[in-house]
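Each remark here refers to the structure printed beneath this line.
The values are calculated or read from the model by the stated rules, or taken from the named source; none is laboratory data. Not measured: the values here are computed from a predicted model. We place every Cβ from the backbone using ideal geometry, glycine too, and count neighbours over all the protein chains shown. To get the accessible areas, we keep the full protein, side chains included, count just its heavy atoms, and leave off ligands, DNA and RNA. Shrake-Rupley method; radii C 1.70, N 1.55, O 1.52, S 1.80 Å.
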Amino acid sequence: MTDPITPIPHDRAAGENECEHALVHLNEFLDSEMTPEDEQRMRAHVAHCSPCLAELSVEELVKQLVRRSCSERAPETLRVRIHAQLTVMSTVE
Ligand SMILES: [Zn+2]
């Protein structure tokens, strides 16, 4: 299986822009409102960038929980708690 998208190296200069792109479009991605190109770029990036993948996972989990509980917004404490858990998970090799 070949991936047509070139992985974006996570170095200082280029990495920051890709991370910014990922974070800025996080909600569009989760709501499936992205262009296919942006979505591919996002997927390619988070596949190689664990901080952004963690961020994406947090938002996704929070979204699911919010949807289930039918409330407007997840409480900030929940977001922080999930984030802390994922950070621990992603740093354990
Ligand atoms: Zn990133």
Exercise. V66 versus E37, label points 7 Å from Cα toward the beta carbon: distance in nm?
Worked result: 2.9
For this session: Working with all protein chains in place, sort E60, E18 by solvent-accessible area computed with a 1.4 Å probe, largest first.
Result: E60, E18
Problem set entry | Cα→Cβ-extended label distance, 7 Å offset, between L30 and L53, nm | 1.9
